[in-house]
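Here the structure is laid out as C-alpha cells; the discussion comes afterwards.
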Amino acid sequence: MHGILNLQNTKKAYPELVAHEFGTAVASHVSSQQAIQQISSQLTDFRGGSDDLSASNNTMVKVETDFQPDNYAGRNIWFGVREFATAALQQLPTVYVMTHDSIAVGEDGPTHEPVEQLASVRSMPNLNVIRPADGNETNTAWKRALAETDCPTMLILARQNLSVLEGRKELAAEGVNKGAYILSEAKGVHIRVVSMQAQNIFDEQDAAYKESILPANVTKRLAIEAGSSFGWGKYVGLQGKTLTIDTWGASAPGNKIFEEYGFAVDNAVNLYESL
C-alpha cells in the first residue's frame, strides 16, 4: 500500500482517524483494517493487497476491485511474500501489514508463532518497523507510514484484542512519530513506563529526546515484548533485564501460553524488583 503526504499537514489533509476509547479492546489488525478503509476513502492512489491471507490480515480496500491486466483501476493487488526486501532496496514508501505477531495465536502451535522474525526485520536497512500497543497507536503508525517518501514501513499487528491505553490518545499521536514515548510517569513509586513501538525511529531522534525518555542515570530497566530478546540489550543496558521469548512457542490457548511464558503482572514485578 502506497501513499505520500507531508507529515506536518496530515491533520489538514485528512479527518482524524476514529479514536479508540479507554475501556475497550480491539485487535490491532482490526483497528488497522478500520484505518485502511478511512484512509482509502480520502487518498485515491492508496492500494490494498495481500498474498493469500487477506481474510486474516485485513489489508484489502473494501468495495473495490482487483488490479488486473484488464483492470488497472482495481485498488487491491495480489502479490508474493518478499516484496518488503525489494521495497527497502528501491526506497519505495510501501506499507506492509504483518499480523498474528506472537505466541498469542495459541492453538496454531509453534510453526505459526513468530519469535525471531521481528528481530530479523528490525535489522533490515531502510525499513521502519512499528509495533503499536493499541488502536490509537495503530492509527498514528498508519499516519507515520503514509508520510514516508523514501522508505517502506512494516506494521506488526496482533490477532488478539488489545486494551486501549488510558488517557494516551494525544501522547500517542506525537510519541509514535518518535519511536517511543512516556506512557506513564512515576507516581509515588520511582518507575516510568515507556511505550517503544519503533526502535530504529527512536534511534534517529536527537540525544536530548532520547535522554528524556531513557535517562542515562537510570540503569534499572526491564524490557517486555512478546518476541526475541535480541536487540533489547542496547536499551536495557548491562544491568537491565528482559521479559521476552527466546524459545519456540507451544500449542495452547493464547492466554495460557502467555502465563506459562511469564507474561503476567506478578512475574514482571518480581523481575523488576530483582534488578
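I'd like the trypsin sites (Lys or Arg not before Pro) in the range 36-89 restricted to DSSP loop residues with at most 13 other Cβ atoms within 10 Å, sorted by number.
Here the sparse-neighbourhood loop sites are 62, 82.
What FRET efficiency comes out for the pair residue 220/residue 166, r = Cβ-Cβ distance, R0 = 22 Å, nearest 0.05?
Step by step, r from the Cβ atoms, then E = 0.35.
Under a point spin-label approximation (7 Å from Cα along Cα-to-Cβ), what is the residue 203-residue 269 distance to one decimal in nm?
With each label placed 7 Å out from Cα toward Cβ, I get 3.5 nm.
Below 25 Å Cα-Cα, how many Lys pairs turn up in the chain? Only count pairs eight or more apart in sequence, or on different chains, if you could.
29
Quick one: helix 135-146 against the long Cα principal axis of the chain, what's the angle to the nearest 10°, folded into 0 to 90?
50
Please state, rounded to one decimal and in Å, the Kirkwood hydrodynamic radius that the range 40-139 gives when every pair of distinct Cα atoms enters the mean of 1/r.
After inverting the mean inverse Cα-Cα distance, the result is 15.5 Å.
Which value in nm describes the separation of the simple spin-label points at residue 108 and residue 44, placed 7 Å from the Cα toward the beta carbon?
So the two model labels end up 3.7 nm from each other.
Select from the range 21-102 those chymotrypsin sites (Phe, Trp or Tyr not before Pro) which occupy a DSSP coil region and have at most 14 other Cβ atoms within 10 Å, ordered by residue number.
Passing sites in the range 21-102 are 22, 72, 79.
Could you derive backbone 3J(HN,Hα) for the range 58-67 from the dihedral phi with the Karplus parameters 6.51, -1.76 and 1.60 (θ = phi - 60°), listing whole Hz in sequence and x where the residue is Gly or Pro?
Residue by residue, the range 58-67 yields 6, 10, 9, 7, 5, 6, 10, 8, 8, 6 Hz.
Gain in length, residue 230 to residue 149, computed as 0.36 nm per residue apart minus the alpha-carbon separation, to one decimal in nm?
26.3 nm
Give me the distance in nm between label points sitting 7 Å out from Cα along the Cα-to-Cβ direction at residue 73 and residue 259, one decimal.
So the label points at residue 73 and residue 259 sit 5.5 nm apart.
So for the chain, taking the charge dipole from beta-carbon charges (+1 Lys/Arg, -1 Asp/Glu), which of 112, 253, 208 sits furthest toward the positive end?
Checked the options; the winner is 208.
Per DSSP helix of 4 or more residues, -39500 (n - 2.57); summed, then divided by the residues of the chain. What does that give at 222 nm, rounded to the nearest 500?
Calculated from helices alone, the mean residue ellipticity at 222 nm is -8000 deg cm²/dmol.
Can you tell me what the convex hull of the Cα atoms of the chain projects to on average, as an area in nm²?
Mean projected area of the Cα convex hull: 15.1 nm².
I need 193, 265, 164 ordered by Cβ neighbour count within 10 Å, fewest first.
265, 193, 164
Taking 30 Å as R0, compute the FRET efficiency from the Cβ-Cβ separation of residue 21 and residue 187 and round it to 0.05.
With R0 = 30 Å, the Cβ-Cβ based efficiency is 0.85.
Ordered by residue, what ³J(HN,Hα) values in Hz, to whole numbers, does the range 121-130 give under the Karplus form 6.51 cos²θ - 1.76 cosθ + 1.60, where θ = phi - 60° and Gly and Pro are x?
So the Karplus estimates, Gly and Pro as x, are 6, 5, 7, 6, x, 6, 9, 7, 10, 10 Hz.
Considering only DSSP beta bridges whose two residues both sit in the range 7-273, what percent are antiparallel, to the nearest 5?
Roughly 40 percent of the beta bridges in the range 7-273 run antiparallel, per DSSP.
A short reminder: the numbers here are calculations on the coordinates, not readings from a lab. Only a predicted model underlies this, so the values are computations on that prediction, with no experimental measurement involved. No Cβ is skipped: glycine too gets one built from the backbone with ideal geometry, and neighbour counts run over all protein chains shown.
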